[in-house]
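Visitor: Would you mind keeping the following structure in view while I ask a few things?
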Amino acid sequence: MMMMNSKVKKAILAGLSAVVSISVLAGCGGGSGSSDKASLKGKELKVATGIYAPFAFKDENSKLGGFDLDLLDAMSKKLGFTYKVTPTEYDNMFMAVANGEYDIGMGQVCITEDRKKKMDFTEPYENAGLQFVVRKDENLTSVDQLKGKKIAVEKGTASHKYVTEHCKDSEIVVFPSISAAFMEVEQGKADALMQDKPNAVYYLKKHPESGLALLGDETAKIPDGFALPKDSPYKAEFDKALKELQEDGTIKKLEDKWLNV
């Protein structure tokens, strides 16, 4: 009888040891622990986008497309998530992303120190600079010739900040939208405008009748990335996917499709 009790006790202790071993393995990632919480596979993400060609815009059929949409789609295929995109104004988008209402904010979002105080960002996937646009019939060949001229910009943009700081000898005319600034130059009411180069190039390609051309070199490059809520659990996966899409040539193909002249 005493022998039997000893064997039973040993069996019970062995069973408990096995249970403890399984629990430890699960705690180290062997089971569905906290690592799965950050996994994007099977999740539907809420995405907000500003409308800004050629990164995110509506075509003649009101269908959303652009560089950022194609890149988001490539990331979703790689990481296994689905998404729903909501167009919105940039100010509203940044506020909503910061509040955690959206998982991603996009539309050529510049990564700035001020924005990093309120949101996180993926690693940059593009670096967009600024460039002047002028009328071809003005025969301007150098940025230095813009001294004393009238320069149009969109309010609150990187271009607005740049010309305010670097074009003090010129007259700065501020507009609520970049389309109004383009129109001002086309009609000869302003001598030049400054804008992000990708958007300026896209406008010139879509409107060859405008009579406009780029002037000078691209300048003041600023990194672009996807905006995320602070401490987003998906940042590491996004960054890994972007790195792989850079290495396998996907991002280069998208640049050729949307950004290069």
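The values are calculated or read from the model by the stated rules, or taken from the named source; none is laboratory data. Values in this document were obtained by computation on a predicted structure and should not be read as measured data. Heads up, the Cβs are rebuilt from the backbone with ideal geometry, glycines too, and the neighbour counts pull from every protein chain shown. Quick note on the areas: whole protein, heavy atoms, side chains included, nothing else; ligands and nucleic acids left out. Shrake-Rupley method; radii C 1.70, N 1.55, O 1.52, S 1.80 Å.
Visitor: Given the conditions (1) closer than 30 Å to residue 254 by Cβ; (2) touching a residue at least 24 places away in the same chain (Cβ under 8 Å), report the number of the one that residue 175 does not fulfil.
Guide: Result: residue 175 fails condition (2) only.
Visitor: What are the residue pairs meeting all of these: first residue in the stretch 200-229, first residue farther than 21 Å from residue 139 by Cβ, second residue open to solvent by less than 40 Å² (accessible area, probe 1.4 Å) and of a type in the set (D, E, K, R), Cβ atoms under 6 Å, and 6 or more apart or on different chains?
Guide: As it stands, the answer is 224/126; 228/120, since those pairs meet every condition given.
Visitor: Among the residues of the stretch 108-117, is there at least one that is modelled with pLDDT of 95 or more, in contact with a strand residue (DSSP E or B) (Cβ under 8 Å, 6 or more places away or on another chain) and either among the β-branched types (Val, Ile, Thr) or at negative phi (or both)?
Guide: Checked the stretch 108-117: no residue is modelled with pLDDT of 95 or more, in contact with a strand residue (DSSP E or B) (Cβ under 8 Å, 6 or more places away or on another chain) and either among the β-branched types (Val, Ile, Thr) or at negative phi (or both).
Visitor: Can you tell me which residue in the stretch 245-261 is surrounded by the most Cβ atoms within 10 Å (Cβ to Cβ), limited to those that are acidic (Asp, Glu) and either under 20 Å from residue 103 (Cβ atoms) or free of Cβ contacts under 8 Å to residues at least 12 places away in the same chain (or both)? Outline the logic, then answer.
Guide: The initial filter retains those residues of the stretch 245-261 that are acidic (Asp, Glu), namely 247-248, 255-256.
Next cut, either under 20 Å from residue 103 (Cβ atoms) or free of Cβ contacts under 8 Å to residues at least 12 places away in the same chain (or both) only: 247-248, 256.
On the way: 247: 9, 248: 12, 256: 10.
Applying the filter and picking the extreme gives 248.
Visitor: Still on this structure: Quick check on the stretch 75-101: of everything there that is within 16 Å of residue 46 (Cα to Cα) and in contact (Cβ under 8 Å) with a residue 60 or more places away in the chain, which residue is most open to solvent (accessible area, probe 1.4 Å)?
Guide: Among those residues, the one meeting the criterion is 99.
Visitor: How many residues does the stretch 118-140 contain that are over 30 Å from residue 231 (Cα atoms), out of contact with any strand residue (DSSP E or B) (no Cβ under 7 Å at 6 or more places or on another chain) and touching a residue at least 12 places away in the same chain (Cβ under 8 Å)?
Guide: 2
Visitor: Tell me which residues, restricted to the stretch 44-74, are surrounded by 17 or more Cβ atoms within 10 Å (Cβ to Cβ), farther than 21 Å from residue 240 by Cα and touching a strand residue (DSSP E or B) at 6+ places or on another chain (Cβ under 6 Å).
Guide: If the condition is that a residue be surrounded by 17 or more Cβ atoms within 10 Å (Cβ to Cβ), farther than 21 Å from residue 240 by Cα and touching a strand residue (DSSP E or B) at 6+ places or on another chain (Cβ under 6 Å), then 48, 49, 56, 66 are the ones that fit.
Visitor: Would you check if there is a residue in the stretch 218-225 being among the acidic types (Asp, Glu), within 23 Å of residue 152 (Cα to Cα) and surrounded by 14 or more Cβ atoms within 10 Å (Cβ to Cβ)?
Guide: yes
Visitor: Among the residues of the stretch 103-143, write down those that are loosely packed, with under 14 Cβ neighbours inside 10 Å, basic (Lys, Arg) and over 14 Å from the mean Cα position of the chain (by Cα). Don't jump to the end; show me each part of the working.
Guide: Of the residues in the stretch 103-143, the ones loosely packed, with under 14 Cβ neighbours inside 10 Å are 112-114, 116-117, 127, 136-137, 139, 141-142.
Add one more test, that the residue is basic (Lys, Arg), and what stays is 116-117, 136.
The answer is 117, 136.
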